[in-house]
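Here the structure comes first, spelled out in structure tokens, and everything after it is commentary.
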Amino acid sequence: MFEQSELFPEVIPDSVARIWKAVLDWYRLNHFGTPTVQQIVDRMLLNDPALPSSVEYIRQRRIKHPDLLPWPIRRGQRPPWLHELTQPIDETPVVLNPSDTLHLTTLEGVQVEVAVGEDGILRIVRRWSGGIAGATAVAYAALIILDGMDGTYDHIIHWCRVLASAVHVHF
């Protein structure tokens with residue numbers, strides 16, 4: 001939830017609000033990169049084709065309202081005249097029982113399951129890293145590298161052929 005900040009004017013120009021809406025819509029629909037000014041213009045035209053929208057229009061608004069239109073507007077950034085309502089922090093301590101387990105992610109990105117020991121200290125019970133998908137990808141890459149070691153990618157690993165010919169098995 002957002003509320004009006006005291007640092008900015010009560011009335012935000014419609015043009016500035018439209019530019020912010022277009023940028024936020026662009027980020028909502030696109031997963032990568034920062035929108036170009038032309039992409040913002042295109043999004044503004046999609047939102048309301050009757051209102052003025054052009055690269056020059058956006059450039060003029062950025063010059064006129066630099067405090068309201070920081071540039072570039074990055075993913076996750078919100079209009080500066082809005083700020084999040086802060087919820088009061090619940091300072092009640094959390095009490096865990098020995099039967100409780102938590103699933104956490106470490107700073108290194110490893111997922112772990114922790115449980116409360118008899119002495120009340122958290123202990124790591126299990127850790128996950130890449131899972132079976134990661135192991136499969138590594139094994140597949142290793143097979144491709146081994147296949148190419150004889151200079152050709154023919155789906156036959158050369159040393160397997162050598163071993164098979166040593167025991168007189170022909171492929």
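The values are calculated or read from the model by the stated rules, or taken from the named source; none is laboratory data. Just so it is clear, the model here is predicted, and its values are computed rather than measured. Backbone-built Cβ (ideal geometry, glycine too); neighbour counts: all protein chains shown.
A few points about this structure:
- Single residue of the range 83-112 satisfying the filter (in a loop (DSSP other than H, G, I, E, B) and hydrophobic (A, V, I, L, M, F, W, C)) that is modelled with the lowest pLDDT: LEU85
- Looking only at residues in the range 9-25 that are of a type in the set (Val, Ile, Thr) and in a loop (DSSP other than H, G, I, E, B), the one that is farthest from ARG74 (Cα to Cα) is VAL11.
- Residues within the range 26-54 that are touching a Leu at 6+ places or on another chain (Cβ under 8 Å) and either of a type in the set (Phe, Trp, Tyr) or not in a loop (DSSP other than H, G, I, E, B) (or both), tallied: 1
- Considering the conditions (1) at pLDDT 75 or above; (2) closer than 22 Å to LEU96 by Cα, GLY120 is excluded by exactly one of them, (1).
- Every condition in (1) at pLDDT 80 or above; (2) in a helix (DSSP H, G or I) is met by ALA115 except one, and the failing one is (2).
- Residue check for ASP67: closer than 25 Å to VAL11 by Cβ and not basic (Lys, Arg): yes
- Residues in the range 135-150 that are loosely packed, with under 11 Cβ neighbours inside 10 Å, over 21 Å from VAL162 (Cα atoms) and of a type in the set (Gly, Ala, Ser): ALA139, ALA141.
- All conditions but one from (1) modelled with pLDDT of 85 or more; (2) under 25 Å from the mean Cα position of the chain (by Cα); (3) surrounded by 12 or more Cβ atoms within 10 Å (Cβ to Cβ) apply to ARG78; the one that does not is (1).
- Any chance LEU24 is out of contact with any Cys (no Cβ under 8 Å at 6 or more places or on another chain), closer than 19 Å to LEU82 by Cβ and not small (Gly, Ala, Ser): yes
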